[in-house]
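The values are calculated or read from the model by the stated rules, or taken from the named source; none is laboratory data. Everything quoted here is computed from the prediction, not taken from an experiment. All Cβ positions, even for glycine, are placed from backbone atoms using ideal geometry, and neighbour counts span all protein chains on display. With ligands, DNA and RNA removed, areas are computed over all heavy atoms of the protein, side chains included. Shrake-Rupley method; radii C 1.70, N 1.55, O 1.52, S 1.80 Å.
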Amino acid sequence: MGRDSEIRVHSRPFVVLDFARLRLPVKTLLAIESSCDETAVSIVRGEDGAPTEILASEISSQIELHRVHGGVVPELASRNHSLRLRPLVEQALDHAKLKVADIDAFAATTGPGLASSLLIGSTAAKALACATGKPFLAINHLEGHLLSPFVAETRVPPHLALIVSGGHTLLLEVKGPGQYRKLGGTRDDAAGEAYDKVGKMLGLPYPGGPEIEKIAHEGDPSTFDFPRSMLHDPHHDFSFSGLKTAVLYTLQGLGEPLEVIQDRRTVANLSASFQQAVIEILVGKTIKAARRHGLKLIALSGGVSLNRTLREAFEAACRKHGFRLAVAPPAMCTDNAAMIAFAALLRHLGGESSPLDADIDPNLRLA
Ligand code: KG4
Ligand code: ZN
């Protein structure tokens, strides 16, 4: 990555802010992320005129718990957020060598996500804010993903953002922090959701995304000609459910009950062909949108952007068509609290805070 000077892929774990452009001095923030199946706490500190550090970024993943069910069980998720959150806050403070009293503001994801999970994290952050008399900031999970490619930047430049996660596939025009315009989104399944559902069909463990990527390396992506839905349509929307169904019909056509497809080579070829279709759709539609809206920089974020084959396809396409590329550091692609803390820091330094009765919104939109 980053072999070509036109392509910028950021992977440094530090946040650098342009303090000359911001209004408030040094701040230390603690943020909680609990919108789905990761309980996460992060502490970041912005120092005047110097790089802002991520002092702690703790994640307690529930993937193993949900794996036996083949997907996230909301009741299990919220129960475990409430069990894991307090020790995780203490662990974050410990790593940061700070006390609760040292924190200047508390933030939490308030949407979108699972209602009962969002409530656990946001209530905890509000309680901390209330007990210490410090401000609370309600943060949109999608804004966390959206800003994550810029943690090593001094600013958030105008760009085209593609957020590809388990719950969302969104194309947005970004003019700067807080200035977002939706250009397109999925009309059915999100890209990560399609990975997870196809992974399940192929008998791979949950979540399917990383598993499909792994086994696809052994396969031939030209084996099956799956549809590239909406690739050539004039709008910027996506659709992945037809692709998912095409994989199902192909599996049925192979004449074996799904559970007994033991042939690793077939699973690898199906995975590689499915992944190739997803990548062609994502890259093709993103490049077209960037061209149409005259944006020179493309930023990738969300769990699916961890996929190396996808990143390499974007690097090649951006090089070919003359776009710059910013990708979230790997640790910030899947759900984490550092991206929420970073979004909160930008907002807090800009003078914002949220009321303590700010509600959660499972369907919160970004634009
Ligand atoms: O951003 P994220 O952690 O959660 C949401 O906000 O949805 O994304 C999780 C999604 C899952 O669907 C997972 O299968 C997918 O990201 N994912 C991947 C890879 N790693 C995670 N998809 C494709 N390739 C990967 N390497
Ligand atoms: Zn997410």
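Filtered by the rule that a residue be open to solvent by 10 Å² or more (accessible area, probe 1.4 Å) and in contact with a strand residue (DSSP E or B) (Cβ under 8 Å, 6 or more places away or on another chain), the stretch 333-354 gives Thr334, Asp335, Arg347, His348, Glu352, Ser353, Ser354. Could you tell me whether Gly302 is surrounded by fewer than 13 Cβ atoms within 10 Å (Cβ to Cβ), at pLDDT 95 or above and on the phi > 0 side of the Ramachandran plot? In short, no.
Please go through (1) in contact (Cβ under 8 Å) with a residue 40 or more places away in the chain; (2) surrounded by fewer than 17 Cβ atoms within 10 Å (Cβ to Cβ) for Leu160 and return the number of the only condition it doesn't satisfy. (2) is the only condition that Leu160 fails.
A search for C-beta distances below 6 Å between a residue of the stretch 331-347 that is among the hydroxyl-bearing types (Ser, Thr, Tyr) and any residue that is within 14 Å of ligand 2 (Cβ to nearest atom), counting only pairs 6+ apart in sequence or on different chains, returns Thr334/Gly303.
Evaluating Phe314 against the criteria (1) more than 16 Å from ligand 2 (Cβ to nearest atom); (2) in a strand (DSSP E or B); (3) not small (Gly, Ala, Ser) leaves one unmet condition, (2).
Looking at Lys182, Lys200, Lys175, which one is within 14 Å of ligand 1 (Cβ to nearest atom) and out of contact with any Cys (no Cβ under 8 Å at 6 or more places or on another chain)? When all the criteria are applied, what remains is Lys200.
Considered as a group, the residues in the stretch 337-367 that are in a loop (DSSP other than H, G, I, E, B) and either of a type in the set (D, E, K, R) or at positive phi (or both) include one that is modelled with the lowest pLDDT, and that residue is Gly351. Being open to solvent by 30 Å² or more (accessible area, probe 1.4 Å) and within 11 Å of ligand 1 (Cβ to nearest atom) holds for only one residue in Glu211, Glu218, and it is Glu211. Is it the case that Phe136 is over 21 Å from Gly294 (Cβ atoms), surrounded by 21 or more Cβ atoms within 10 Å (Cβ to Cβ) and more than 9 Å from ligand 1 (Cβ to nearest atom)? Taking the combined requirement at face value, the residue satisfies it. The residues on offer are Ile279, Ile287, and the sole one that is within 14 Å of ligand 1 (Cβ to nearest atom), closer than 22 Å to Leu325 by Cβ and either out of contact with any Asp or Glu (no Cβ under 8 Å at 6 or more places or on another chain) or at pLDDT below 95 (or both) is Ile279.
Output yes when any residue across the stretch 144-151 is among the small types (Gly, Ala, Ser), outside the structural domain of Arg324 (by TED's automatic domain parsing) and more than 8 Å from ligand 1 (Cβ to nearest atom), and no when none is. Yes, the stretch 144-151 contains at least one residue that is among the small types (Gly, Ala, Ser), outside the structural domain of Arg324 (by TED's automatic domain parsing) and more than 8 Å from ligand 1 (Cβ to nearest atom).
For the residues Arg308, Arg265, Arg291, the requirement of being open to solvent by 10 Å² or more (accessible area, probe 1.4 Å), touching a residue at least 60 places away in the same chain (Cβ under 8 Å) and of a type in the set (D, E, K, R) singles out Arg308.
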